[in-house]
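Below: the structure, in structure tokens.
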């Protein structure tokens, strides 16, 4: 991964050089932009990247998706990237304290990054809801096999926030390493319910059904984005963040199940 | 093959004459076909003698039941064992290289068979200890096979084969794993041990000396067929094929006899060479004489022997304290002479020489 | 004999004892490549807090679960894998090459995919699993048994390949000799064949155990992750990595040292 990112950085430098004179767009935006984003943003950011490349013909967007924590660790270990979009503020804080954000950008948009979306938990159940799950309290029943995210990962932290706030004890059979793994267990019908993000229920389509519960308000997960201190072209990176924060971005995020900031 | 008929034979009372082993072995594998009939009496040792690839080992494996017959039968002690699986045949095998189990002591190697036959551990070990004692191996009973000498390993292998009380004992090249220096002693010892065995024994070897010393009867196998059978003395004196003649070290010719005059079958020779023999014969015969019966002369001798041929020297090699001269011509043969005679005659490759053999030295027998 | 001769003799001996550089250089690079990551792990170990981290009941529970499941999985692999290796090495049957290719599939597919495949077959709604559930009320996923199953799936090929190699190297004439002594095929196998290939079985079992111990992907997918029942050391390491990388380093080191100690102990005893 680090190797690929290094190559990307080199080509970004080349793109601004004399080898690619015709590539310059109207706005002067050109080169390659590397965006590292939480896995839950895969669909939305892929769509926005196409939009961005259409608007700026000289620009190529490289997207890297993984768990926010893993990405933060990579960035802090020196992986070259321009923009980081995290699934929670804690993980963004790790990067702010580590590799750091671009100071000029941070001065305008906030030193902890700009929150562009929120996500709340939803109960995912297999099609037909075989266990008849209706609210969060149902998940404390031993006969309802439930998959949760492990408390070490962001969706698990959100789960803990909800259960602690509401005083509910969920009888989980497994604490999965990420939200995708929880969803897989639900899709295969191995569990009767799983706690995942609203966006994951939306992305899964017909494979799962979503059950809303009011207690989800106790853990509203904010998604911050920021231009990194090591960005090869901070101006280009800032343009991408602007797109994410724009109405176009908001529409795409809403369609994917995200809430407004 | 009619199993019911086979089984009836002993009940008819004719079983008394039945040999301990009566086998007709037919095996086809690709181009190779083995077709051999073997009869061995109780207490008799038959040697299958032949070159590598002749089918001796295939015959042995077929007798043991390790390969199925294409056709034929195997009767041991009057009972048809043709389709008996290997583990239930009354057969003991001494394998080439002995194949002693390396992770067991000599004693446990020998006790293995009796254990498989259902004896208790103590009884099996008792029988094994007895056998090892009979072979002067008691001191080595606890040794692993890797620590035994070649001769000791051979005796352990024999004891292991005998421990299952077989009625047929098979030995596959029992001397091949031994070095030349120990061979004479081990061979003599093996012979004595085989004399004590009262069943039929079949021994496979490519070494004529093993066959002569160890066997009561020799069957020569060439290209899957038995080409000659007889006592070791008969085979040694009257070979029937060039292979056997070479093994036993005789000059051999096939010819047609009329009285004491034998015309040798050699189509390529100019004129028909003639061998004179002592006793009158008629028809197809074989004539054989040892190389040491051949005398060589630089000039045509006076008062000549009955047989005299003009030949040329093809090669000269040392042979014990003698020199073996290979001669080409109408009657190609080998002659053994002393080194002194060689020097006197001044024989070199291509030199002409007279070769004489007394008629009394020539063995003549029906071909 | 003249004086320089012995000196020359020594020089020759010394030279013959030294491996050629064409082998030595790649070999040393190989060692460095394998050992450097371990040194990296050691270098970043927070030694000061090591003691209290190791005696953490959660760590001990994960360690015990790892050691016990890997051992049970190895036993299962031996029971199933040794006969399978025998069939592949000794028996002639149609499709043998195909079977041999198929048993190496777990070596090449990503373990996570293996875990999904196990769910599809043995899961609550799996091809077999649904009947297990209906007939016996038995559900495998999220149980310790599932951990063992996932480990067996990924580790058995190591055992089968090792044992089959050993069987092919063993001289089948010894088996024939045993048969002529009246041994049934089962006796031949247990008394002759198995002792002959025991070193190969031992090596295969060690590899198998090590692979089972390190197993992560198939386990977390098929068995899930729950402390005490399905969270083995590799899963605990992964989870720790999410929040506390230092703890992950400690856990990795513990896993490494325990497995090295066990394997070294086994090797020491077998030779």
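Counting only other chains, what is the mean number of Cβ atoms within 10 angstrom of the Cβ of each residue in peptide B:156-162?
1
In degrees, nearest 10, range 0 to 90: what is the angle between the Cα axis of helix B:180-195 and the longest Cα principal axis of chain B?
Orientation of helix B:180-195: about 60 degrees from the principal axis.
I need the calculated FRET efficiency for the pair residue B:328 and residue B:32, taking r as the beta carbon distance and R₀ as 25 Å, to the nearest 0.05.
Given R0 = 25 Å and the Cβ-Cβ separation, E is 0.15.
If I model a spin label as a point 7 Å beyond the Cα along the Cα-Cβ vector, how far apart are those points for residue C:198 and residue B:360 in nm?
7.0
Only bridges whose two residues both fall in the range B:21-243 count here: according to DSSP, what percent of them are antiparallel, nearest 5?
Percent antiparallel among DSSP bridges in the range B:21-243 is about 55.
What is the range A:121-218 by shape, rounded, prolate or oblate, if you read a ≥ b ≥ c off the alpha carbon gyration tensor as root eigenvalues and call it rounded for a/c under 1.5, prolate for a/b larger than b/c, and oblate otherwise?
rounded
So which residue, out of C:142, C:216, C:93, gets the largest mean-square fluctuation from a GNM of chain C using Cα contacts under 10 Å as springs?
C:93
How much FRET efficiency would the formula 1/(1 + (r/R0)^6) give for residue C:101 and residue C:71, where r is the Cβ-Cβ distance and R0 is 22 Å, rounded to 0.05?
Here the calculated transfer efficiency is 0.15.
Applying a 10 Å radius around every beta-carbon, put C:232-242, C:112-122, C:199-209, B:139-149 in order of their mean neighbour count, most first. Don't skip to the answer; put the middle values down first.
Working: C:232-242: 23.5, C:112-122: 20.0, C:199-209: 21.8, B:139-149: 15.1.
The packing order, highest mean first, is C:232-242, C:199-209, C:112-122, B:139-149.
When every alpha-carbon pair in the range B:250-366 is counted, what percent end up more than 20 Å apart?
Values: 2666 of 6786 pairs.
It works out to 39 percent of all Cα pairs.
When B:181, B:338, A:69 are ordered from fewest to most other Cβ atoms inside 10 Å of their Cβ, what list results?
In order of increasing Cβ crowding within 10 Å: B:181, B:338, A:69.
Quantify how strongly other chains surround peptide B:82-89 by giving the mean number of their Cβ atoms within 10 Å of each of its Cβ atoms.
If you average over the peptide's residues, the count of other-chain Cβ atoms is 3.
Order of B:123-136, C:95-108, B:59-72 by packing, highest average Cβ count within 10 Å first?
So the peptides B:123-136, C:95-108, B:59-72, ranked by packing, come out B:59-72, B:123-136, C:95-108.
If R0 is 60 Å, what FRET efficiency do you get for residue A:63 and residue C:184 from their C-beta distance, rounded to 0.05?
It comes out at approximately 0.35.
Give the Kirkwood hydrodynamic radius (Å, one decimal) of the range A:169-261, defined as one over the mean of 1/r across all pairs of different Cα atoms.
It works out to 15.8 Å.
For peptide B:91-103, what's the mean number of Cβ atoms from other chains within 10 Å of each residue's Cβ?
For this peptide, the per-residue mean of nearby foreign Cβ atoms is 4.
For the pair residue B:133/residue B:147, report the inter-label distance in nm, with labels modelled 7 Å from Cα in the Cβ direction.
Here the modelled spin labels are 2.1 nm apart.
For the protein assembly as shown, give me the percentage of DSSP beta bridges that are antiparallel, rounded to the nearest 5 percent. Spell out each step's value before the answer.
On the way: 80 of 116 bridges.
Around 70 percent antiparallel, to the nearest 5.
What percent does the relative contact order of the range A:131-233 come to when contacts are Cα pairs within less than 8 Å and at least six residues apart?
31
At 222 nm, what helix-only mean residue ellipticity would the protein assembly as shown give, in deg cm²/dmol to the nearest 500, using -39500 (n - 2.57) for each DSSP H run of four or more?
-14000 deg cm²/dmol
What number, in percent, do you get for the relative contact order of chain B if the mean sequence gap of Cα pairs under 8 Å and at least 6 apart is divided by its residue count?
Normalised by residue count, the contact order of chain B is 15 percent.
Taking the Cα atoms only, what angle lies between the long axis of helix A:154-166 and the longest principal axis of chain A, rounded to 10 degrees?
The angle comes out near 40 degrees.
Can you give me the pair-distance distribution of chain A, C-alpha pairs, 5 Å bins, whole percents?
1, 6, 13, 17, 17, 14, 11, 8, 6, 4, 2, 1, 0, 0
Helix B:150-162 versus the longest principal axis of chain B: what angle, 0 to 90°, nearest 10, using Cα atoms?
Computed tilt is about 60 degrees.
Can you grab the distance from the C-alpha centre of the range A:99-175 to the C-alpha centre of the range B:122-173, Å, no decimals?
Result: 77 Å between the Cα centres.
Find the relative contact order for chain A and round it to a whole percent, using C-alpha pairs within less than 8 Å whose residues are 6+ positions apart.
This gives 26 percent for chain A.
Label the range C:183-239 by shape, choosing from rounded, prolate and oblate, from the square roots a ≥ b ≥ c of the eigenvalues of the Cα gyration tensor; if a/c is under 1.5 it is rounded, and otherwise prolate applies when a/b is larger than b/c, oblate when it is not. Don't skip to the end; give the middle numbers.
Details: a/c = 4.94, a/b = 3.06, b/c = 1.61.
Note, shape of the range C:183-239 comes out prolate.
For the protein assembly as shown, what is the Kirkwood estimate of the hydrodynamic radius, computed as the reciprocal of the mean inverse distance between distinct Cα atoms, to one decimal in Å?
Value: 36.3 Å, from the Cα pair sum.
Testing the spin-label approximation: label points 7 Å from Cα along Cα→Cβ at residue B:233 and residue B:272. State their distance in nm.
For residue B:233 paired with residue B:272, the spin-label model returns 3.4 nm.
Could you pull out which residues in the range A:234-261 have an amide N less than 15 Å from a spot 7 Å beyond the Cα of residue A:43, following the Cα-Cβ vector?
A:251-259
Please state, rounded to one decimal and in Å, the Kirkwood hydrodynamic radius that chain B gives when every pair of distinct Cα atoms enters the mean of 1/r.
It is 23.3 Å.
In the range C:71-89, which residues have a backbone nitrogen under 17 Å from the label point lying 7 Å from residue C:168's Cα in the Cα-to-Cβ direction?
C:82-89
Shape verdict for chain C, please, from the Cα gyration tensor: rounded (a/c under 1.5), prolate (a/b greater than b/c) or oblate.
Values: a/c = 2.40, a/b = 1.17, b/c = 2.05.
Oblate shape, in that a/c is at least 1.5 and b/c is the bigger or equal ratio.
Any read-out appearing in this document is the output of simple, stated calculations on the displayed coordinates, not a laboratory observation. Because the structure is predicted, anything quoted here is derived from the model rather than measured. As a convention, Cβ positions derive from the backbone with ideal geometry for all residues, glycine included, and neighbour counts pool all protein chains shown.
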